[in-house]
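Student: Below: one structure in structure tokens.
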Amino acid sequence: MNRTVAGGFWLIIYLIVILSPLFFMMIGDTPPERPFWVEFSVGLGFVGLVQTAVQFALIARYKTITAPYGIDLILKYHRQIATIAIGLLLAHPVILVIHNPGLLGLLNPVGGTMASRAGNWALYTFILLALLSYFRKRINLDYELWRVTHAGLALIAVVLAHVHIRLSAYYTETPWKHGVLIGISVVMLASLVYLRLIKPALLKRRPYRVAEIKAERGDTWSFTVTARDHEGMRFRPGQFAWLKLGESPFTVEEHPFSFSSSALEPKRLEFGIKELGDFTGGIGQVPIGTTAYLDGPHGAFSPDLEPAAGYAFYAGGVGITPFMSMLRTLADRGDKRPIVLFYGDKSWDATAFTDALAELEKRLDLTIVYVLEEPPEDWDGESGFIDAGVLERHLPEEGIERLHLVCGPEPMLDAVGKALEQREVPIRLIRFERFGLV
Amino acid sequence: MRHIYANRAAYLLAALLVVATALFAWLRSEGGTLVALDDDAPEVTEFDEVNGWAWRETGEQVFVADCQGCHVRLTHTPELFTAEGGRSYLIELVLFGFDGEMVIDGSARQVDHPAFAGHDDEQLAAVLNHVLVSWNNADELPEDPDLYLPDYIDEARDRELGPEEVAERRPSL
């Protein structure tokens, strides 16, 4: 199945699941009709609840589901639709109260009926969960603690919502209908069991060993692991994997990193890791020989996924990492297509992999354009940011029809996006990879 | 490009969910069903008129609009109605609300019932009658139950109770 067909297939399945409660509530024994706004409010509640349950499946990293879109898009959708789902759930009581202000007392979290209390607390739990996610970095909430809290609160909220539905006992007066709703939630919650128990158990059979940690410039490390008694991991250049360190693959501490090595070496895998947080800050001090586990490969940012006459790569800072893998793979394959790499960073001293890139220039039809924000005094290259002017000077006319791959921090992506638009690069030829996956 | 399309798709999907829900609500509010609809409407009883006042339609309308969101069936109401002080308690409950502990099926629950004093006397009398005779509740009523009339509601309005006071006046069952 090609990616478009597979993408369409999973989209249809997704819509069927999300809308199924509305369908089931209309077949078989149906309770008496109620005013439009009451039914609309209840319908939003059902859709919102199933959507929140489906969130568990979205984050379970099922490769069959994520492959057509790329897991980065799935996780982004997880965040977007979470906001929408909570909005739908919030609309449920608000519409009821607007329609009938006499029900205002039911919003009292310690008053009202048992059903309304369960519903209120489910909603508050969802809102707390969302707030913790939005403000996690601002309140310096530990990433691992947040992940555990996130899953726990989601679980509690879904259970409370089901209690609310059961006690409200309108559509669920027909037991099989509530059975269907509970079934959907249980299947979705099983994804959590898959992600946290089954998948790690499978990873246990495929351990890696930390083989080399090499300091690059710009607080960046080349972190290499080798497969222990198995064939390693086949990946496409540009993809990434979640890295876990230590003897137990069941740890919740795991972080996604892009491969920086050649895809032709599946047993020896290298990641480019920049010191940015608690985990990456100590990456240079990990003892050689430490056991590691990899959940991957993931991602749909790869030159291998579509044909191209040549490439234009745009890297910002540590966004160079996936391009290192692409360039190394293309070099190992003896690829003759023209490539231009625009590589922007703060300063020359902060620019990683310059020696390796110089070697790759010899093996490929590769032109590298460094763009430094704070260039040294004797710098005769480009300075500032990758903008329309830089593209005008270094992207040849024929280069416009190449595949354009962009990876870096958000502002860099926006700036390059505008520059490409000004250079009249067709949008169908541009692919972005955003940071901040988690 | 993937991200641009993905953003548009997310908004489109959200809009689709709301539209589908609105369609569901419209169909359901029209009494629509996709397969078989069991007529769950209360049975017609001999109590449909009280002193010549036809309350039935009003009672159903008020119940559907204002009660059904929380109550599907209220089968313990005849027991309250026949208990000492229960008849006036039910009027006070719908007029002034309830805030306190309620023992239902043997278990105590904290309940905050809204007040419906904004409804007119006919609506409240009708909805109380509706509850008293629906879901086979009529079988539990005494032979001549003296169902509610709008005048009874009007008289009770002067009591001006608070929801906590109503809770204290609830008969023990």
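The values are calculated or read from the model by the stated rules, or taken from the named source; none is laboratory data. Bear in mind the structure is a predicted one, so any value in this text is a computation, not a measurement. Glycine gets a Cβ as well: all are built from the backbone with ideal geometry, and neighbour counts include every protein chain shown.
Student: Could you tell me whether B:GLY59 is buried (at least 16 other Cβ atoms within 10 Å of the Cβ), closer than 21 Å to B:GLU168 by Cβ, in contact with a Leu (Cβ under 9 Å, 6 or more places away or on another chain) and not hydrophobic (A, V, I, L, M, F, W, C)?
Tutor: Taking the combined requirement at face value, the residue does not satisfy it.
Student: Okay, moving on. Out of the helices (runs of 4 or more DSSP H) lying entirely within the stretch A:1-95, which hold 2 or more residues that are facing chain B (nearest Cβ under 10 Å) and surrounded by fewer than 22 Cβ atoms within 10 Å (Cβ to Cβ)?
Tutor: Fully inside the stretch A:1-95 and qualifying: A:3-24, A:36-58.
Student: Looking only at the stretch B:116-151, count every residue that is within 11 Å of chain A (Cβ to nearest Cβ) and on the phi > 0 side of the Ramachandran plot and tell me the total.
Tutor: Counting residues in the stretch B:116-151 that are within 11 Å of chain A (Cβ to nearest Cβ) and on the phi > 0 side of the Ramachandran plot gives 0.
Student: Next question. For residues that are exposed (fewer than 14 other Cβ atoms within 10 Å of the Cβ) and at pLDDT 85 or above, scanning just the stretch B:1-15, find the one that is farthest from A:VAL425 (Cα to Cα).
Tutor: B:ALA15
Student: Now a separate question. Here is a list: A:GLY384, A:GLY344. Which entry is small (Gly, Ala, Ser), at positive phi and modelled with pLDDT of 90 or more?
Tutor: Result: A:GLY384 is the single residue among A:GLY384, A:GLY344 that is small (Gly, Ala, Ser), at positive phi and modelled with pLDDT of 90 or more.
Student: Right, another one. If a residue must be over 15 Å from A:THR321 (Cβ atoms) and in a loop (DSSP other than H, G, I, E, B), how many such residues does the stretch A:262-280 contain?
Tutor: Number satisfying all stated conditions: 5.
Student: Of the residues A:GLU373, A:GLU397, A:GLU392, A:GLU361, only one is of a type outside the set (Ser, Thr, Tyr), surrounded by fewer than 20 Cβ atoms within 10 Å (Cβ to Cβ) and within 19 Å of A:ASP335 (Cβ to Cβ); which?
Tutor: Criteria check complete, one pass: A:GLU361.
Student: Can you name the strands (runs of 3 or more DSSP E) wholly within the stretch A:202-261 that have at least 1 residues being free of Cβ contacts under 8 Å to residues at least 12 places away in the same chain?
Tutor: A:208-216
Student: Same structure again: So A:LEU141 ticks every box in (1) buried (at least 17 other Cβ atoms within 10 Å of the Cβ); (2) assigned to a loop (DSSP other than H, G, I, E, B); (3) of a type in the set (A, V, I, L, M, F, W, C) but one. Which box is left unticked?
Tutor: (1)
Student: Just checking, which of A:LEU341, A:LEU405 is buried (at least 21 other Cβ atoms within 10 Å of the Cβ) and either of a type in the set (Lys, Arg) or touching a residue at least 60 places away in the same chain (Cβ under 8 Å) (or both)?
Tutor: A:LEU405
Student: Farther than 14 Å from B:PHE81 by Cβ and touching a Lys or Arg at 6+ places or on another chain (Cβ under 9 Å): is that true of B:ASP121 in this structure?
Tutor: Yes.
Student: Could you tell me whether the stretch B:100-115 includes any residue that is within 14 Å of another protein chain (Cβ to nearest Cβ), of a type in the set (Ser, Thr, Tyr), over 20 Å from B:PHE47 (Cβ atoms) and surrounded by fewer than 21 Cβ atoms within 10 Å (Cβ to Cβ)?
Tutor: Looking for residues that are within 14 Å of another protein chain (Cβ to nearest Cβ), of a type in the set (Ser, Thr, Tyr), over 20 Å from B:PHE47 (Cβ atoms) and surrounded by fewer than 21 Cβ atoms within 10 Å (Cβ to Cβ), one finds at least one in the stretch B:100-115, hence yes.
Student: In addition: Suppose we keep only residues that are part of a helix (DSSP H, G or I) and buried (at least 18 other Cβ atoms within 10 Å of the Cβ) within the stretch B:66-85. Which one would you say is nearest to the other protein chains (Cβ to nearest Cβ)?
Tutor: Filtering the stretch B:66-85 for residues that are part of a helix (DSSP H, G or I) and buried (at least 18 other Cβ atoms within 10 Å of the Cβ), the one nearest to the other protein chains (Cβ to nearest Cβ) comes out as B:ASP66.
Student: Just one of B:GLU84, B:GLU143, B:GLU79, B:GLU60 is within 25 Å of A:ILE165 (Cβ to Cβ) and out of contact with any Ser or Thr (no Cβ under 8 Å at 6 or more places or on another chain); which is it?
Tutor: The unique qualifying residue is B:GLU60.
Student: Right, something else. Scanning the stretch A:96-134 for residues that are touching a Ser or Thr at 6+ places or on another chain (Cβ under 7 Å) and without any contact (Cβ under 8 Å) to a residue 40 or more places away in the chain, which turns out nearest to the other protein chains (Cβ to nearest Cβ)?
Tutor: For the stretch A:96-134, the residue satisfying everything is A:LEU106.
Student: Anything in the stretch A:60-103 that is polar (S, T, N, Q) and closer than 28 Å to A:VAL193 by Cβ? List them, or say none.
Tutor: Within the stretch A:60-103, A:THR64, A:THR66, A:GLN80, A:THR83 qualify.
Student: Which is part of a loop (DSSP other than H, G, I, E, B), within 14 Å of chain B (Cβ to nearest Cβ), touching a residue at least 12 places away in the same chain (Cβ under 8 Å) and surrounded by 13 or more Cβ atoms within 10 Å (Cβ to Cβ), of A:VAL425, A:VAL416?
Tutor: Among A:VAL425, A:VAL416, only A:VAL425 is part of a loop (DSSP other than H, G, I, E, B), within 14 Å of chain B (Cβ to nearest Cβ), touching a residue at least 12 places away in the same chain (Cβ under 8 Å) and surrounded by 13 or more Cβ atoms within 10 Å (Cβ to Cβ).
Student: Follow-up question, since we're still on this one. Considering only helices (runs of 4 or more DSSP H) fully contained in the stretch B:94-170, which possess at least 2 residues that are closer than 20 Å to A:LEU103 by Cα and out of contact with any strand residue (DSSP E or B) (no Cβ under 8 Å at 6 or more places or on another chain)?
Tutor: Helices (runs of 4 or more DSSP H) meeting the threshold: B:121-133.
Student: Residues to consider are A:GLY112, A:GLY45, A:GLY28; find the one that is out of contact with any helix residue (DSSP H, G or I) (no Cβ under 7 Å at 6 or more places or on another chain) and either more than 30 Å from A:ASN2 (Cβ to Cβ) or not assigned by TED's automatic domain parsing to the domain that holds A:SER185 (or both).
Tutor: It is A:GLY28.
Student: Which one is modelled with the highest pLDDT among residues in the stretch A:279-325 that are out of contact with any strand residue (DSSP E or B) (no Cβ under 6 Å at 6 or more places or on another chain) and among the polar types (S, T, N, Q)?
Tutor: Looking at the filtered set, the residue picked out is A:THR291.
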